[in-house]
Amino acid sequence: MPSTKQTSPAYIGFGMLTPVYIMALDKLPKHNTGAIVHQVSEYVYDDAAIIACNLRQWGISTGMIGTAVGDDLLGHYVADTLEEMGVQGKVRFTKKYKTPLEVNVSDKLGARTYFWQRSPEILSTLDTADLSMLKGAKLMYVDWYDGDHIIRAMNEARRHNVPVFLNLEHGHNDPAIMEKFASRATICQAVTDAAQIGKKAPCFQWRRNYSRQASRPPSSRWQVRGCMVVQDDEIVRIYAPKVKAVDGSGAGATFSSGFIYAYLKKWSLEESVRFAIAAASLKVTHSGLKMFPVKDIKALASTLRVDRMVYRDNRFFEINKLISQAQDSPLVQESKKFAEKLLSKKRPQHRRKIKKSMVG
């Protein structure tokens, strides 16, 4: 019986592969003390792999091109988990090193502390990874902290006209990183700490820096207050809802997952960021990385507060305020007065009465 050729997945994650233990507790302990752990979850990290697994839970075909893992119990756990989730791609095993491990500790405030292993030897295996799965894909995801190892994949994606989603996090502060990576990206996600407490200046600078490097504007993530997304002249800011946080691990990757899901579904910019924020907000309400159903996420997304803005002269302007300011301008006021004066001079015209005898 002839074998059926497997179609390319819509999403391709490129990056580190590692198992993770996520421990949820009430409050991080002080130095040299302890705390009760309420729940421990096992999963596959880093963000590229998290997104691949998240999107599978929403019915999107995904694949993973990752680092080699050790030929050991943890390495086979990674491979088995990805296979069970339906994530395409061959996991490579090596006897040169043991599978790296990550441990995340999350508290009820949504904060997390993590410990990870990322040696140059492990990351260098990305340089020999098979990129053939990129042909026919709809989007590839990479993280800037995987360093120069992502450049080969980004160039190959461009060769196949595959859009690249780049997670820059704080990397946008470094001009060298911007020039090297952002210039190869289609969509960027960044963290601007000052913006999270209401200051917009870092977003202005980030917007300017990115526009110099890339053909399309960025997606700029605000963890606490929501997110601002810019595409050409369209700017949307969505505010995050208030939720009771239990586990913040993977919230950023879930945001990326939500945005990528909407992008692949060809939703509008506002729909995309609404869904992304709602997905990340719901994720932190429980431990682990089991995603909420799409319908539940869309229900929360529809309730989120939104600001629509335009970007002019290195400044953000809220459209509603611009309309209000325009209405109050002297030119508009004079135009109103002239129109009212002109209309008042016109006498109302009444229809002539028709005699009943003329009605046939």
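As a calculated quantity, the FRET efficiency between Val306 and Lys108 at R0 = 30 Å, using C-beta atoms, amounts to about 0.60.
For the stretch 39-158, the fraction of 1.4 Å probe accessible surface lying on carbon and sulfur atoms is 54 percent.
Most tightly packed first, judged by the mean number of other beta-carbon atoms within 10 Å of their residues, the peptides 230-240, 38-48 read 38-48, 230-240. Once both labels are positioned 7 Å from their Cα atoms along Cα-to-Cβ, the gap between Lys295 and Ala35 label points is 3.7 nm. Distance between the C-alpha centres of the stretch 18-38 and the stretch 259-309: 28 Å, rounded to the whole angstrom. Two decimals is fine: what is log10 I(q)/I(0) at q = 0.25, 0.28 Å⁻¹ for the stretch 100-172, from a Debye sum with one equal scatterer on every Cα and no solvent? Summing over Cα pairs of the stretch 100-172 leads to -1.16, -1.26. Need one word for the stretch 86-138: rounded, prolate or oblate. Basis is the Cα gyration tensor (sqrt eigenvalues a ≥ b ≥ c); a/c below 1.5 gives rounded, then a/b vs b/c decides. Judged from the Cα gyration tensor, the stretch 86-138 comes out oblate (a/c at least 1.5, b/c at or above a/b). Here the stretch 34-131 is treated as a Stokes sphere of Kirkwood radius computed over C-alpha pairs; at 25 °C and 0.890 mPa s its diffusion coefficient rounds to 166 µm²/s. Potential lengthening of the chain between Lys244 and Trp116 amounts to 43.4 nm, from the contour at 0.36 nm per residue minus the alpha-carbon distance. Straight Cα distances below 16 angstrom link Lys95 to the aspartates and glutamates Asp71, Asp72, Glu121, with same-chain residues fewer than 8 positions distant left out.
Would you kindly state how much longer the chain becomes between Lys135 and Glu169 on full extension, computed as 0.36 nm times their sequence separation minus their alpha carbon distance, in nm to one decimal? Display every interim value, and only then the final one.
Values: separation 34, 0.36 × 34 = 12.24 nm, distance 2.72 nm.
The Lys135-Glu169 span can extend by a further 9.5 nm.
Taking 0.36 nm per residue of sequence separation and removing the Cα-Cα distance, the Ser124/Asp72 pair yields an extension gain of 16.8 nm. Shape analysis of the stretch 229-312 yields a ratio of the Cα radius of gyration to the Kirkwood radius, Rg/Rh, of 0.98.
The values are calculated or read from the model by the stated rules, or taken from the named source; none is laboratory data. As the structure is a prediction and not an experimental result, all values here were calculated from the model. Heads up, the Cβs are rebuilt from the backbone with ideal geometry, glycines too, and the neighbour counts pull from every protein chain shown. These accessible areas exclude ligands, DNA and RNA; they are computed on the full protein's heavy atoms, side chains included. Shrake-Rupley method; radii C 1.70, N 1.55, O 1.52, S 1.80 Å.
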